[in-house]
1. Determine which single condition Ser364 fails, assuming it passes every other condition in (1) of a type in the set (Ser, Thr, Tyr); (2) in a helix (DSSP H, G or I); (3) surrounded by fewer than 17 Cβ atoms within 10 Å (Cβ to Cβ).
2. Could you go through the stretch 279-294 and let me know if any residue there is outside any loop (DSSP other than H, G, I, E, B), more than 24 Å from Leu393 (Cβ to Cβ) and among the aliphatic types (A, V, I, L, M).
3. Taking the stretch 334-356 as the search range and keeping residues that are among the charged types (D, E, K, R) and farther than 24 Å from Leu322 by Cα, which one is surrounded by the most Cβ atoms within 10 Å (Cβ to Cβ)?
4. Evaluate the following for Arg352: is it in contact with a strand residue (DSSP E or B) (Cβ under 9 Å, 6 or more places away or on another chain) and either under 21 Å from Glu277 (Cβ atoms) or not hydroxyl-bearing (Ser, Thr, Tyr) (or both)?
5. Quick one: how many residues across the stretch 300-319 are among the polar types (S, T, N, Q) and either crowded, with 17+ Cβ neighbours inside 10 Å or under 10 Å from Leu286 (Cβ atoms) (or both)?
6. Ser426 fails exactly one of the following numbered conditions: (1) under 29 Å from Val64 (Cα atoms); (2) exposed (fewer than 14 other Cβ atoms within 10 Å of the Cβ); (3) in contact (Cβ under 8 Å) with a residue 40 or more places away in the chain. What is the number of that condition?
7. Any residue in the stretch 332-343 that is within 7 Å of Tyr282 (Cβ to Cβ) sitting within a Cβ distance under 8 Å of a residue that is at pLDDT 95 or above and assigned to a helix (DSSP H, G or I)? List the pairs, counting only those 6 or more apart or interchain.
Amino acid sequence: MRDAEVNWTGVTRQMEIDMSYAVSRLDWTDTSLGTIPTPRGQLALRASFGSGLTTRAGDPPGRVWAVCDRGPNLKVKIAMERYGLDLLAPLADVPGAKIMPDPSIGPTLAELQIAGDTVTLLRTIRLVDESGHPVLGLPDASSGHVVLEPVFDIQGQPIGPSQLGLDTEGIAALASGGFWIGDEFAPGLVRVDADGRIVHRLVPRRVDHAGIEGGEPGLPAIAARRQINRGFEALALSGDERSLFLAFQSPLAHPDEDAHRRARHVRFWRLDAETGEVTDQYLYPLDRPKSFRRDRMLGPFGREDIKVSEIAWIPDNGLLVLERGSATTKLYRVELDPQSILKPEHLDIRTRLTLEEMSAANDSALPVLAKHLLFSNDDIPEMSADLEGMAFLSPTDLLLVNDNDFGVEGAKTSFWRIRFDDPLWS
């Protein structure tokens, strides 16, 4: 039986779910990006478009836009164990070190067409800066006020930062033809035109020695307190395109990493899409680690392993949230209740206690978003791990895709359609 014909129907055993649905895998083949010789054979690179999905108002039915992340990268331990790159051993104890086997492969968009059970790649669009130079997936030199990930080439030599490095994750398509794209590095936001050229960028404002934010346009300085490699991964645009929604991947490391590890909530922001100003801030409660059954079967799994990887706009002021570990993926609906909006003081980097400290202490005074479980893949073991991209094809049809990490560990891209029996909006 072909993968595209595999189908599961039913309601999961989790009593919280009251939606019935059918799940099917769509037909897709990754494009080869070449191979790199290593002591243990070829490192095969594949196209990767699973970091974010979106649809555009006015496009033909089944048209979807996707974004890849920064480019192929490996943890040092995996590079040594899988590919025999023992020359990287001196980097094994470098915190957060990543190996980029081909730094020339960088942030790229893809235009896709869904027809029946098949996904077809129509074209790709490489992101370029204002001068037309390709954007690289290297650490961003303009964001020196945040902790940057150390990056090395396949020979173990350090790779310097880029003047405009992006780790592209979330994507939202504008009816005018451009896109908003979330960046995990800075973390930041970029707006690009229909040809992939950057026309506007928002990064965290800097603070002076007294902790006071600068007055330049940008995101609240508190965004720079994101845990390393846990910036913006989830991005959505309201139906009228007046509001842009962002979700941090994890709790901020604010005021320190201990708060990040212990906090139970993730910040969601609503931005004015015209000015880029944060108008509302919400707290999304993460599930308990023990509820991620597929992940717990694979080994130790803690709160720090839980991530918000995607959000999608639901008309009538709601969001669909993709909360996951690695193997377990859950989909929650949240309503953006005005009573859940946090006080403006919690956007100030100087405020103490911080939201993360209050979250870690389980402060019941914090207003949080109510969440309603619609789907969990814990009862569908055939479904891919590392699901990151998500977009509505219709009020009943949802498209999901995994991030194959450019195939550096042998993973392949898999697109999945969830068809709910009842529409999620009217």
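1. Every listed condition holds for Ser364 apart from (2).
2. Within the stretch 279-294, one or more residues are outside any loop (DSSP other than H, G, I, E, B), more than 24 Å from Leu393 (Cβ to Cβ) and among the aliphatic types (A, V, I, L, M).
3. Asp348
4. The answer is no for Arg352.
5. Residues flagged as among the polar types (S, T, N, Q) and either crowded, with 17+ Cβ neighbours inside 10 Å or under 10 Å from Leu286 (Cβ atoms) (or both) within the stretch 300-319 amount to 1.
6. (3)
7. Note: pairs meeting the criteria are Leu342/Leu355.
For every residue, the table says whether it meets (1) touching a Cys at 6+ places or on another chain (Cβ under 6 Å); (2) at pLDDT 95 or above; (3) not in a loop (DSSP other than H, G, I, E, B).
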site: Gly58; (1), (2), (3): no, yes, no
site: Pro61; (1), (2), (3): no, yes, no
site: Val64; (1), (2), (3): no, yes, yes
site: Lys77; (1), (2), (3): no, yes, yes
site: Arg82; (1), (2), (3): no, yes, yes
site: Ala89; (1), (2), (3): no, yes, yes
site: Pro95; (1), (2), (3): no, no, no
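The values are calculated or read from the model by the stated rules, or taken from the named source; none is laboratory data. Quantities reported herein were computed from a predicted structural model and do not represent experimental measurements. All Cβ positions, even for glycine, are placed from backbone atoms using ideal geometry, and neighbour counts span all protein chains on display.
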